[in-house]
1. Inside region 12-26, can you point out the residues that are surrounded by 15 or more Cβ atoms within 10 Å (Cβ to Cβ) and not in a loop (DSSP other than H, G, I, E, B)?
2. Could you check region 1-11 and list, in sequence order, the residues that are more than 16 Å from Ala51 (Cβ to Cβ) and either part of a helix (DSSP H, G or I) or of a type in the set (Val, Ile, Thr) (or both)?
3. Identify all residues within region 54-68 that are acidic (Asp, Glu) and either surrounded by 12 or more Cβ atoms within 10 Å (Cβ to Cβ) or at pLDDT 95 or above (or both); write none if there are none.
4. Considering only residues that are in a helix (DSSP H, G or I), farther than 15 Å from Leu4 by Cα and either of a type in the set (S, T, N, Q) or at pLDDT 90 or above (or both), which ones fall in region 27-52?
Amino acid sequence: MAALFFDIDDTLIGGLTGTIPESALEALKKVKEQGHEIFINTGRTICSIPAMIKNLDFDGYLWVRNIFSL
């Protein structure tokens, strides 16, 4: 098992589209099925994380700017 960390802006959410590409959603699902844990690692505050990210099955969040983890 591995712990995989993902940023939001221009990583999961495309800067031009403002959406999460289907290929990214499929990849996240696949690594979860393989037993890996997935986390958001961002400089955003908790209240600025988009609902489309919060609705995904992440194992946790790391807010680097605020040095807070959940």
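The values are calculated or read from the model by the stated rules, or taken from the named source; none is laboratory data. Predicted model, so just to flag it, every value in this text is computed and none were measured. Reconstructed Cβ throughout: ideal geometry from the backbone, glycine too, with neighbour counts over all protein chains shown.
1. Ile13, Ala24
2. Step one: of region 1-11, the residues more than 16 Å from Ala51 (Cβ to Cβ) are 1-7, 10-11.
Across region 1-11, the qualifying residue is only Thr11.
3. Residue satisfying the conditions is Asp59 alone.
4. Quick first cut of region 27-52, residues in a helix (DSSP H, G or I) only: 27-33, 46-48, 51-52.
In the following step, the residues that additionally are farther than 15 Å from Leu4 by Cα were identified as 46-48, 51-52.
If the condition is that a residue be in a helix (DSSP H, G or I), farther than 15 Å from Leu4 by Cα and either of a type in the set (S, T, N, Q) or at pLDDT 90 or above (or both), then Ser48, Ala51, Met52 are the ones that fit.
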